[in-house]
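Worksheet: the structure to be examined is printed underneath.
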Amino acid sequence: MKASDRQLGMSAAISRRDFLNGVSVAVGAAVLPSTSGAADIGEQDLAGYYPPRLSGMRGSHAGSFEVAHGPRDGASWDGEDTGEKYDLVVVGGGISGLSAAYFYRQAMGDAARILILDNHDDFGGHAKRNEFEIDGRQMIGYGGTMLLEAPGSYPNVAKRLIREIGIDTQRFYTAFDSDLYASLGLSRGIFFDKAIFGSDYLATGDVTDPDVLQHIPLSEEGKADLARLLADERHYLGDLARSAQIDYLVSTDYRTYLRDRAGIGEEALKVLESLPRSVWAIGIDALPARTAWSSGYPGFGDLELGIFAYSRDETEPNIFHFPDGNASVARLLVRNMIPGAAPGDDMEDIVTARFDYRRLDDPRSAVGIRLNSTAVRVRHVDDKPGNPVRVTYVRDGKASSVMAGQVVMACYHAMIPRLCPEMPQAQRELLSRSLRAPLVYTNVLIRNWTSFANLGLHRVSCPGSYHHRVMLDYPVSLGDYQCPKQPDEPIILHLERVPGRPGRSAREQFAAGQRELLATPFEVFERNVRDQLGRMLGDGGFDPARDIAAITVNRWPHGYAYGYDPGTDRVAFEPGQWPQEKRHWQQGSQRFGNISIAATDAASNAMTESAIEEAYRAVDELSQAK
Ligand SMILES: Cc1cc2nc3c(=O)[nH]c(=O)nc-3n(C[C@H](O)[C@H](O)[C@H](O)COP(=O)(O)OP(=O)(O)OC[C@H]3O[C@@H](n4cnc5c(N)ncnc54)[C@H](O)[C@@H]3O)c2cc1C
């Protein structure tokens, strides 16, 4: 081991660290007692199976994606018939698949027999829970879907489901300690990474403040560019008529707009480079300027295009966040349908409820969730679209098949043509235009956050760094779960990374990022986490070798769902603005016989409300086919 790695703590025993490819890395004296990894998690029917507690490489974990890539590479399976018959089989156990099962029960009655298949070792799709334990204390984080955004403006069906499973979004006002970090004098900051800016520098506070701005490692010209842009008092399209302004913004990326129109130089552009990554999974170089404008990013001043307005129901909070993000939405859905799977009956006790995974696929229950099971073939009997459907899946290397009266495909649309090659060619072509953008949420458990307190920070954007954002967990206490409130308590840091190759089209960047994610071992993430946090927080007393207790990398090669237009290579970041005839995600998602199609891909909108609404539509289409 290199001396630099030793200093970073790469030799430290981290609980449940890396089990990539099923090989468990030998760790020294375990920091935490409950060490277990993907390699030894066992079957969901065995006692002790509890995937939220796993760390190391999670999200699209080893063992979850290899089979799914098989049909792409020409593999085929002839599954052994289990003899099971279901009214409905759902392919995909994300929010959309779980919602589809929920709506199907409402439409067909609680006796309807439903099986949900998912390729991961846990349910929820992107809505995943990460748990840690340190010094006997349970720490809960989110491994993907973070929050309900503007639940007050959710469409009716999604609003109703959220209410029916017991979520009172008003509760956020009392659960979220919105003043905590400000009361401790903590603010936002920017970490200027030496790899891009020549030297490491941590700017604390608002960079529009001249006292902060004067110290950042940019030339005077770069600082002036940044100050002018962030003041955001004007736009740079005054010479164009409104329709020409819209055309320009639609066809131009945000970076080019800032450079060519606003006259922003390369230095300031580097500071802004990762601005949209968290929301759109892409940098400024491939985000349409129009989307930057509608997102409220700087550089558009009072530009009024007359085509966009958010309407928000002010009676509800703008966000709702559980400590495990929307994993609690998934958990509430599962507990609703399989009551024996977890104790409790409200949105408070779901937060700390420990699920008994042995109950998820119990033949005595009308609803079952079969994990580690990748659907590889979905086919009407005798290829007649009115007939029942045989669903073949692979689990533990073994192919099996079950019969379903009807099927909801709540999985990635781009793979449906391979699972259902009997679908009309035109529909398969439309489905194959769906994209999923890759992104990573890394959770780092640290023993205390005194370094953040010393530096006066709670959230840092890091242009040019491996992880582009680092933040202390949201201070939310619900049920028996109390968030850390004192800097000497342990806390989960949330880090984000969007892989890709800047300079290419968004679609090409997504593809490059997917390849990169699956080829990057945990060790590379770990080294980068330690190095970045060490450089960023070192002046506050942070020592990565001492202070990091555990790391969980949630990699999502197939993250945000988007449609795209092969003719122009444009991604539908704002699907509502696309002409109706180009919305292939709608046309491609039509029912095919007894198979209907849900998931966020059906809306080109990676949002929880779309996952729910598309599930409802898919079930409604099946009801009408009955
Ligand atoms: C890191 C991250 C953060 C996000 N944050 C937010 C947020 O804060 N708020 C928000 O509203 N949205 C957020 N989203 C968007 C999120 O994608 C949606 O909100 C929603 O959770 C997607 O649900 P889904 O069921 O459509 O898809 P998914 O969650 O992708 O679920 C589909 C499931 O089907 C499985 N599957 C695919 N193929 C097969 C097969 N052949 N056999 C069996 N199973 C299969 C997949 O592996 C997956 O588990 C986030 C997404 C990511 C990746």
Can we say Leu533 is more than 16 Å from the ligand (Cβ to nearest atom), more than 18 Å from Glu429 (Cα to Cα), in contact (Cβ under 8 Å) with a residue 24 or more places away in the chain and touching a Pro at 6+ places or on another chain (Cβ under 7 Å)? yes
Assess whether Pro421 counts as being open to solvent by 50 Å² or more (accessible area, probe 1.4 Å) and out of contact with any Asp or Glu (no Cβ under 6 Å at 6 or more places or on another chain). yes
Can you list residue pairs whose Cβ atoms sit under 8 Å apart, with the first residue in region 426-455 being open to solvent by 30 Å² or more (accessible area, probe 1.4 Å) and the second being hydrophobic (A, V, I, L, M, F, W, C) and in a loop (DSSP other than H, G, I, E, B)? Count only pairs 6 or more apart in sequence or on different chains. Arg428/Cys420; Ala453/Leu184; Ala453/Leu186
Is it the case, given these coordinates, that Asp81 is at pLDDT 95 or above, open to solvent by 10 Å² or more (accessible area, probe 1.4 Å) and part of a strand (DSSP E or B)? yes
A careful count of residues in region 577-595 that are within 24 Å of the chain's Cα centre (by Cα) and either within 16 Å of the ligand (Cβ to nearest atom) or modelled with pLDDT of 95 or more (or both) gives 6
Screening Val408, Val394, Val402, Val381 for residues that are among the β-branched types (Val, Ile, Thr), open to solvent by 40 Å² or more (accessible area, probe 1.4 Å) and either farther than 25 Å from Ser64 by Cβ or within 14 Å of the ligand (Cβ to nearest atom) (or both) leaves only Val381
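The values are calculated or read from the model by the stated rules, or taken from the named source; none is laboratory data. Given the structure is predicted, the values throughout are model-derived calculations rather than measurements. In this analysis, Cβ positions are derived from the backbone assuming ideal geometry, glycine residues included, and neighbour counts consider all displayed protein chains. Note: accessible area is taken over every heavy atom of the protein model, side chains too, but ligands, DNA and RNA are not part of it. Shrake-Rupley method; radii C 1.70, N 1.55, O 1.52, S 1.80 Å.
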